[in-house]
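Every number here is computed from the coordinates shown, using simple stated rules; none is lab data. As the structure is a prediction and not an experimental result, all values here were calculated from the model. In this analysis, Cβ positions are derived from the backbone assuming ideal geometry, glycine residues included, and neighbour counts consider all displayed protein chains.
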Amino acid sequence: MVNKAVSDGSLQSPVKKKKGSIKRKMSSTLKHLVLGLVGLCFLGPFAYLLLTSIKSIDDIFAVPFVWWPKELFLENYSNAVNAIPFFDIP
Amino acid sequence: MMTEQHNNTIGIRKRERKLLITGLLFTSPWIIGFLVFQLYPILASFYYSMTDYNLFSAPTWVGLDNYTNLFKDDKFYLSMYNTLYMTIVGVVPHMAFALIMALLLNAKVKGQSIYRTIYFLPTLVPAVAGSLLWMWLLNSQYGFINLALEYVGIAGPNWLIDPDWTKPSLVLMGFWGTGTITVMYLAALQDVPKMYYEAADIDGASKWRQFWTITFPSISPMTLFQLIMMLIASFQYFTEGMVFAEATQSTGGPENSLLFYSIYLYQQAFSFLNMGYASAMAWMLFVVVMFFALVIFKTSAKWVYYGGDK
């Protein structure tokens, strides 16, 4: 689990190496599964952030969860920029 | 240079003094900054901790009253409990999680750099923005987490309102920000000499055994460093608790379940203007953190291994 390079070592017999490759493939798939799942959990909040940023208030509070808004509500962005005098150089 | 020193020691002394002055001048921005903005406030807070001070009238000397009152204050114990909860329930699982992720990433996994980026990404989000985002995710009615739990048939708790669940919410959110630890553990893991594993493989040691006899001791200096840093950070836990308490429009959250030590200190200092009491609290915190840090350092001789030693 810790180090794959070890099993490539020339000191091992070829028989053992063959047996290891199937096992290695399985553990590699499992590893990607875990890494990917955690990765999804880590990216989830960002996706939620992005999706919510283009939703209207009604869509945000919609009780059956709305994944993709029926209408893009891009005013959120203009509101955010205009809320403070963002482009006004004093 | 040597002959010059013999011939003209006074000249060298002059030169040395000049070098010293130049050096001091170059370091003076830091020295002055340290004296004025760090050492003075630290010493001043120690003085204020012995006084009754409300910022507007001159401080009056009360001796150790602030400290004795501290031990009679229920909220002091409550805030200490809340903070210790975050330390005990938060730090170790976060570190273990980060280590597992680093171990998975350390083996030559395809797309390692992509995964590493993904795990590191949340740590770039500012604490307040991240907390607000998670308050949305944890919202019991509209939040995504409870919706997902409902989908699999679990009635999610009222994360932000139920006093029993507010701190676990923060711990849960904390996992999202463990990317820094993962990356640092990954660096430590890549420094472990490969020949140890080769030798262990030949001897037929299992992967589990290899982890505890090779990997864990080899990365123990990193564990010590992370443990100390996270301990200090968790004792100073403030921002996330402050933001989460906003869900109930209060300072300490529901039933003061989010009244962390730093938040209570802030409240005493800037809401009640008890500067003396707050200073005493700050010094108590310093003593407690120092105690835990010392305990960890003392025991570290038993479990931290430095490659160069022995």
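Looking at region B:96-103, can you tell me whether even one residue there is without any contact (Cβ under 8 Å) to a residue 12 or more places away in the chain, at positive phi and within 11 Å of another protein chain (Cβ to nearest Cβ)? So far as region B:96-103 goes, no, none of its residues is without any contact (Cβ under 8 Å) to a residue 12 or more places away in the chain, at positive phi and within 11 Å of another protein chain (Cβ to nearest Cβ).
Residues that are part of a loop (DSSP other than H, G, I, E, B) and facing chain A (nearest Cβ under 7 Å) were ranked within region B:106-124; the one that is surrounded by the fewest Cβ atoms within 10 Å (Cβ to Cβ) is B:108.
Of the helices (runs of 4 or more DSSP H) that lie entirely inside region B:159-239, those containing 1 or more residues that are closer than 30 Å to residue B:129 by Cα span B:163-176, B:179-190, B:220-235. Show the residue pairs that are 6+ apart or on different chains and have beta-carbon atoms under 8 Å apart, the first residue being within region A:40-58 and away from chain B (no Cβ under 11 Å) and without any contact (Cβ under 8 Å) to a residue 40 or more places away in the chain, the second being surrounded by fewer than 13 Cβ atoms within 10 Å (Cβ to Cβ) and assigned to a loop (DSSP other than H, G, I, E, B). Between residues of region A:40-58 that are away from chain B (no Cβ under 11 Å) and without any contact (Cβ under 8 Å) to a residue 40 or more places away in the chain and residues that are surrounded by fewer than 13 Cβ atoms within 10 Å (Cβ to Cβ) and assigned to a loop (DSSP other than H, G, I, E, B), the close pairs are A:54/A:72; A:54/A:74; A:56/A:71. The one condition from (1) within 14 Å of residue B:280 (Cα to Cα); (2) part of a loop (DSSP other than H, G, I, E, B) that residue B:69 does not meet is (2). The number of residues in region B:237-278 that are surrounded by fewer than 23 Cβ atoms within 10 Å (Cβ to Cβ) and on the phi > 0 side of the Ramachandran plot comes to 4.
Within region B:125-140, the set of residues being more than 8 Å from every other protein chain (Cβ to nearest Cβ) and either in contact with a strand residue (DSSP E or B) (Cβ under 9 Å, 6 or more places away or on another chain) or not small (Gly, Ala, Ser) (or both) comprises B:125, B:126, B:128, B:132, B:135, B:138, B:139. Once region A:62-71 is narrowed to residues that are farther than 29 Å from residue B:178 by Cα and loosely packed, with under 12 Cβ neighbours inside 10 Å, the residue that is farthest from the other protein chains (Cβ to nearest Cβ) is A:71.
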